[in-house]
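As structure tokens, the structure follows; a few thoughts come after it.
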């Protein structure tokens, strides 16, 4: 699903981003992994689903696997592209390619000094979340609450 929510008249290039929704069951509760944006990056201190820019010639899934290993030391074994949303930040237009994975190994380590936290999609207690996730045009958090 593609949700347009940026100014199409703005001439800035769209940055392609692979975003990981890493899921686990913990004591009977489904949780997803959030990472906090490190100092020195736009929106430092905000919580997001981990991921990063897709390099030229790289598929969404290949970028996802590389970025999650680089950022958190987790190996994504398989992932499924789930939904795509576009968002306009003051510093960039982004196309967020959300991928879901329950098939991963390792323990998260903040390789860029970032914090991370597991949260139930039904009870996210992290603030602040990136504006794209809270936008009324985004369906990611709502959709996660309705799936298992």
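Among the criteria (1) part of a helix (DSSP H, G or I); (2) surrounded by 15 or more Cβ atoms within 10 Å (Cβ to Cβ), the one residue 142 does not fulfil is (2).
Checked against the criterion of being surrounded by 12 or more Cβ atoms within 10 Å (Cβ to Cβ), under 29 Å from residue 28 (Cα atoms) and touching a residue at least 60 places away in the same chain (Cβ under 8 Å), segment 63-82 has at least one qualifying residue. For segment 105-127, the set of residues classified as under 17 Å from residue 44 (Cα atoms) and not in a strand (DSSP E or B) consists of 110, 111, 112, 113, 114, 115, 126, 127, listed by residue number.
Taking the listed residues 108, 121, the one that is under 20 Å from residue 61 (Cα atoms) and surrounded by 14 or more Cβ atoms within 10 Å (Cβ to Cβ) is 108, with no other qualifying.
Of the set (1) under 23 Å from residue 43 (Cα atoms); (2) at pLDDT 95 or above; (3) touching a helix residue (DSSP H, G or I) at 6+ places or on another chain (Cβ under 9 Å), all apply to residue 82 but (1). So, residue 55, is that one without any contact (Cβ under 8 Å) to a residue 12 or more places away in the chain and out of contact with any strand residue (DSSP E or B) (no Cβ under 7 Å at 6 or more places or on another chain) or not? The answer is yes for residue 55. It is to be established whether one or more residues within segment 26-46 are more than 16 Å from residue 109 (Cα to Cα), surrounded by 12 or more Cβ atoms within 10 Å (Cβ to Cβ), touching a residue at least 12 places away in the same chain (Cβ under 8 Å) and in contact with a helix residue (DSSP H, G or I) (Cβ under 6 Å, 6 or more places away or on another chain). No - not one qualifying residue is present in segment 26-46.
Output the residues belonging to segment 128-139 that are more than 19 Å from residue 71 (Cβ to Cβ) and either without any contact (Cβ under 8 Å) to a residue 24 or more places away in the chain or in a loop (DSSP other than H, G, I, E, B) (or both). 128, 134, 135, 136, 137, 138, 139, listed by residue number.
The lone criterion from (1) surrounded by fewer than 15 Cβ atoms within 10 Å (Cβ to Cβ); (2) modelled with pLDDT of 90 or more; (3) part of a loop (DSSP other than H, G, I, E, B); (4) touching a strand residue (DSSP E or B) at 6+ places or on another chain (Cβ under 6 Å) left unmet by residue 102 is number (3).
For segment 110-120, a residue qualifies if it is under 20 Å from residue 64 (Cβ atoms) and modelled with pLDDT of 95 or more, and the qualifying residues are 116, 117, 118, 119.
The values are calculated or read from the model by the stated rules, or taken from the named source; none is laboratory data. Bear in mind that the values here come from a model prediction, so they are computed numbers and not experimental data. Cβ atoms come from the backbone with ideal geometry, glycine included; neighbour counts cover every protein chain shown.
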